[in-house]
Structure formats: structure tokens, C-alpha cells
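J.: Please read through the structure below; I'll follow up with questions.
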Amino acid sequence: MSYLETTHDLYKEAALTPDVGLCCTTTPIWQLPGLDIPSRMLEMNYGCGSTIHPRDLVNDPTVLYVGVGGGMELLQFAYFSRRPNAIIGVDVVDEMLAASKENFIQAEALNLWFKGDFVDLRKGDALNLPVDNESIDVAAQNCLFNIFKETELRKALEEMYRVLKPHGRLVMSDPTCEQEMPDNIRNDERLRALCLSGSLPLKDYIKMITDVGFGTVEIRAKRPYRILSPNKYDVNELIYIESVEVCAIKDPMPEDGPCVFTGKTAIYFGDEEYFDDKKGHTLLPDQPLPICDKTAGALASLDKKDIFISESTFFYDGGGCC
Ligand SMILES: C[S@@+](CC[C@H](N)C(=O)[O-])C[C@H]1O[C@@H](n2cnc3c(N)ncnc32)[C@H](O)[C@@H]1O
């Protein structure tokens, strides 16, 4: 049995019997005015962060959500769009599709504003999406892609890239890990399916994203996620896993490489009216400017004593240089 079949079996079980805490998020669940989330949807929250960012949802986007789980995030996306078929949900596990459908019926009973036809549920695989080219404004996945090994991860990202319109957004949450994951753990199919052993270092995760062509990447949040300890797992030391929230934008790839925002900011504190780097960035005195890592490197190489460049905060929230 391949690790993908193990994954399907595990989520079949998690659909039939909700497994509270299967994945776990330190991100508070969006409780929005007039939104009542059915309790079974909450029990089936198998994400490791949030992909709901109201700033992505202007201009009435069509949203694709891959790996629906209990459907909670699809309901949250629908809260903003409130029109038929605005949210397309794709999952490969029949039982998960059936469970989420049941949960949407509950959601309709609890929320006057919600109609079941706001969500278009489709059986399909992240590796071969049943979705037309360039038809999606916002694509999302939460805690699925970390399960994939490199070949499948690349394919899944290529599929998201294919279906997004130009400048469309891919919003993701996944575990990452900066330590070397021991091979026995990395190759444990069940731990991988449980989102515990497939995670990559953040830099490698970002490279996978930019390698398929996304010209802009935003790291929106990074939070503690799990510990693999020797008393519970076959490891020699504590393995610390974080979870990240990332937005990849289908902007054209700049000639000098992608713009990756990790939360760095430049602050000019010199005596001039402003500082102009002649590459499109104007720094006004005492006005923090969010910058991508590429611009941070270029500004740092000028070795100017009156420009401060912060470290990455991994909490980038928009605006800035590119
Ligand atoms: C960890 S759960 C996350 C569920 C949901 N995103 C959430 O945050 O609660 C992974 C989901 O991906 C689905 N899944 C697993 N393999 C898949 C694949 N190859 N293509 C599409 N969905 C898949 C599972 O059935 C499950 O719904």
C-alpha cells in the first residue's frame, strides 16, 4: 500500500468517527458575527492554522478548497461570498465528502444566511484537480500538502498554479520543521498521514512554491505546533514542529527572483527628506516599510548606517516594497 492509500484510509476513519485533536491549531477559530459552526464541524477541524484572510476575499472571488475535512473553512469562506457555487471543495475520500455534506446541512439549519448550494463539492485528487485552467481567484489547502512527498508536492502545487487566474492567490497552512527528521519517522506512512513527519524546513517549502512559478510569497504566521518526544516516538531528541500560514501569489516571476515577504521591515532614520534606492523603493524618515527578503538583502549590502532592517517576524500582513 502506498503512503497515499494509507492517507486515504486514515481520513476515511476520521470522516466516519471525528478525531478531535488529530491535527491541532494554535490559531483561534474564526467566530464571526452571525456564524454558527456546527459542533461536528468543529470536532472535525483537521487543520493546523487558518486559510481565511478577509483581505484575500475582496471582489467576490471564486474559491477552491482542496482537502475539505469537515467543511469548516469552506463555511467560513462562504460567510464572505454568500452566492451559489462560489466555493468549490475537492476531496479524494468519499466518506469525507459525505461527512462534510452532512455538516453543511447542519450549517444551513443553524445559519439563516447559508445555503447548501453555496458550496460545490467535487470528488477529486489534489494531484489532478477536476477544475478548469485559470478559473479560480483564491485556492486554499490546510494541512494536506505537508503529507505529500516531493514529487507529489510539486504536482499538487503545479495543479493549484494551473487553476489559478493570473494574480490569483494560493493560501496554505502546513507544519514545517527546521530539524532533520529521522528517516524512520519520515518514512512512517501513518505519521506522515497524521501531518507529523512530512514537514520541510520553511526555506525548502518556500522554494517548492517559487519553483512552480509563484512570483510573490507571503509568510503570514508561524506558530508552535507539536513536539515529537523520545518517550512517544522513535526519535533520539525532541523534534519541534511549527505551523505556517503562507500566501503564494501567481504574479509573474521577477527577473531577479521571487519576492518573499517574511516580515522584514526597513526604517530610514537619516537626516535627508527621504532615501531612494533607485530600484523603486523610497524610504521616508521614521516610516516603517515592509520589504521582501530580496530588497532587505539589497539594502543591507549598501551598508548605510541610517537604515535599520528588522529580522523576519514571520507575521507579514501586507503592504510594502514589491
Ligand atoms: C489533515 S485533513 C485537513 C482537512 C481540512 N483542510 C481542515 O483543515 O480541517 C486532510 C484532508 O485532505 C483530504 N485528502 C487526503 N488526500 C487527498 C488528496 N490526494 N486529494 C484531495 N484531498 C485529499 C482528506 O480526506 C482530508 O479531508
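Rule-based calculations on the coordinates, nothing more; no lab input. From a predicted model like this one, the values you see are computed outputs, not experimental measurements. Here Cβ is always computed from backbone atoms with ideal geometry, including for glycine, and neighbour counts include all displayed protein chains.
J.: Helix-derived [θ] at 222 nm for the chain: sum -39500 (n - 2.57) over DSSP H runs of at least 4, divide by residue count, nearest 500? Please list the in-between numbers first.
T.: On the way: 9 runs with 88 residues, N = 322.
Using -39500 (n - 2.57) per qualifying helix, the result is -8000 deg cm²/dmol.
J.: Within segment 286-322, name every residue whose backbone N is under 16 Å away from a label modeled 7 Å from Cα of Phe269 along the Cβ vector.
T.: Backbone N within reach: 286-289, 304-311.
J.: Note the full-extension length gain between Lys279 and Ala298 as 0.36 nm times their separation in residues minus their Cα-Cα distance, in nm to one decimal.
T.: Numbers: separation 19, 0.36 × 19 = 6.84 nm, distance 0.98 nm.
Gain on stretching Lys279 to Ala298: 5.9 nm.
J.: With the crude spin-label approximation of a point 7 Å out along Cα→Cβ, what separation in nm comes out for Arg122 versus Ala98?
T.: Using points 7 Å along Cα→Cβ, the separation is 2.3 nm.
J.: Taking the Cβ of Phe314 as the centre, find all other residues whose Cβ is under 14 Å away and add up their charges (Lys, Arg: +1; Asp, Glu: -1). Can you show the working numbers first?
T.: Values: positive: Lys203, Arg220, Lys222, Arg223, Lys264; negative: Asp174, Glu178, Glu218, Glu242, Glu245, Asp293, Glu311, Asp317.
In short, -3.
J.: Using 0.36 nm times the number of residues separating Phe315 and Ser2, minus their current alpha carbon distance, what extension gain do you get? Working shown, then result.
T.: Details: separation 313, 0.36 × 313 = 112.68 nm, distance 3.63 nm.
Stretched out fully, the Phe315 to Ser2 stretch lengthens by 109.0 nm.
J.: Where in segment 85-168 are there GluC sites (Glu not before Pro) that are in a DSSP coil and have at most 14 other Cβ atoms within 10 angstrom of their Cβ?
T.: Numbers: sites: Glu95, Glu102, Glu108, Glu134, Glu150, Glu152, Glu158, Glu159; in loops: Glu134.
Those that pass, being in a loop and sparsely packed, are Glu134.
J.: Between Lys305, Lys207, Lys264, where does the largest GNM mean-square fluctuation fall for the chain, given springs only between Cα atoms within less than 10 Å?
T.: Lys305
J.: Starting from the 7 Å offset along Cα-to-Cβ, what nm value, one decimal, do you get for the label separation of Asp256 and Leu42?
T.: 5.0 nm
J.: Using a Gaussian network model on the chain with a 10 Å cutoff between Cα atoms, which of Asp277, Asp188, Asp60 fluctuates the most?
T.: Asp277
J.: Need the C-alpha centroid separation for segment 19-70 versus segment 219-263, integer Å.
T.: 19 Å
J.: Now for a different question. Just for the chain, what percent of DSSP beta bridges are antiparallel, to the closest 5? Please list the in-between numbers first.
T.: Details: 28 of 52 bridges.
Within the chain, antiparallel bridges account for around 55 percent of the total.
J.: Could you tell me how many degrees, from 0 to 90 and to the nearest 10, lie between the Cα long axis of helix 202-211 and the main elongation axis, the longest principal axis, of the Cα atoms of the chain?
T.: 90 degrees
J.: Oh, and also: Against the longest principal axis of the chain, how steep is helix 150-163, in degrees 0 to 90 to the nearest 10, with axes from Cα atoms?
T.: The angle comes out near 80 degrees.
J.: Angle, helix 72-81 long axis vs. longest principal axis of the chain, Cα atoms, 0 to 90°, nearest 10?
T.: Around 60 degrees separate the two axes.
J.: Which residue, Ser39, Ser173, Ser199, has the most motion in a Gaussian network model of the chain that connects Cα atoms within less than 10 Å?
T.: It is Ser39.
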